[in-house]
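Undergrad: What follows is a single structure, and I will ask about it in a moment.
No value in this document is a laboratory result; all are computed from the given coordinates. Because the structure is predicted, anything quoted here is derived from the model rather than measured. Ideal geometry is used to build each Cβ from the backbone, glycine not excepted, and the neighbour counts take in all protein chains shown.
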Amino acid sequence: MIFVLTGSSGSGKSTVARSLTVDGLEIHDSDEDGVPSDANIAWRQQGIERWRQRAAELDDHDLLLTGQSPLGEVLAAPSAPRLDGIAVALLEVANRSRFIRLERRDPGKWSRQAKRDFVGWARWHHAHAADPAYAPEVITDGAWPAMQWNRWANWKAGDPRWRTEIVNTTDRTVEQCADILDDWIAHVRTDRDWPLRQGWDSPGDRRRDTCFPC
């Protein structure tokens, strides 16, 4: 199974991932092997497919991946349906806290425009998590040709398969956020009716809508 922690820069993905304590989880960052100078949206989407293949090789562990890919990209990866299951969590943070974190992490690196772009990307992530029909062109324009957008193109908001767990890290410690995500992972693993288990792409498949309280 693959778990994805996504969100705009500065939301705390890598920091929280390193603090997870749940067993049987192999944790990676999507760009840990380096980012090419010509990296673009297609490069990011190809990366999801490479990590999917890595997840399939794990016999007794699940893979947790941190990165910027939203649910729509994860589901559209060519071989995504072959996974035992998919679960995506979106980490969010207030703008002021995001800017403080970015400056601490990369002093002087980000321009005012770059920071505004991070905020815009975060807002899009939030809207996309609620509604698959919200501005899909943000990830489909210039996409890797192998992506299978038709899998969810006709889904509506409220479809139980369109599920992104949202965790706001603004006023929580790293440990508190990690505890929330540890519990979420444990819940997904034991929920036999999790709507994104293998077979979610089959026509007419509608698993019951279960809600994980955050």
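Undergrad: Per DSSP helix of 4 or more residues, -39500 (n - 2.57); summed, then divided by the residues of the chain. What does that give at 222 nm, rounded to the nearest 500?
TA: On the way: 7 runs with 78 residues, N = 214.
So the calculated ellipticity at 222 nm is -11000 deg cm²/dmol.
Undergrad: Going by a ≥ b ≥ c, the root eigenvalues of the Cα gyration tensor, does segment 2-190 fall in the rounded group (a/c under 1.5), the prolate group (a/b larger than b/c) or the oblate group?
TA: Working: a/c = 1.37, a/b = 1.11, b/c = 1.24.
In terms of gyration-tensor shape, rounded.
Undergrad: Moving on. With labels modelled as points extended 7 Å from the Cα through the Cβ direction, what inter-label distance (nm, one decimal) is found for Arg96 paired with Thr173?
TA: Each label point is offset 7 Å from its Cα along the Cβ direction, giving 2.2 nm.
Undergrad: Work from the charge dipole of segment 2-190 (Cβ charges, +1 for Lys and Arg, -1 for Asp and Glu, about the Cα centre) and give the residue of Trp110, Ala133, Ser9 farthest towards its positive end.
TA: Toward the positive end, the furthest listed residue is Trp110.
Undergrad: In addition: With charges set only on the Cβ (+1 for Lys and Arg, -1 for Asp and Glu), what does the dipole of segment 2-190 come to about its Cα centre, in debye to the nearest 20? Intermediate values should be presented prior to the final figure.
TA: Numbers: 23 positive and 28 negative charges, 165 e Å.
The dipole of segment 2-190 has a size of about 800 debye.
Undergrad: Where the centre of each part is set by its Cα atoms, how far does segment 1-40 sit from segment 75-104, in angstrom?
TA: A separation of 8 Å, based on Cα centres.
Undergrad: Right, next: If I stretch the segment between Ala146 and Asp59 completely, what's the gain in nm (0.36 nm per residue apart, minus their alpha carbon distance), one decimal? All intermediate terms of the calculation are to be shown ahead of the outcome.
TA: Values: separation 87, 0.36 × 87 = 31.32 nm, distance 2.65 nm.
Stretched out fully, the Ala146 to Asp59 stretch lengthens by 28.7 nm.
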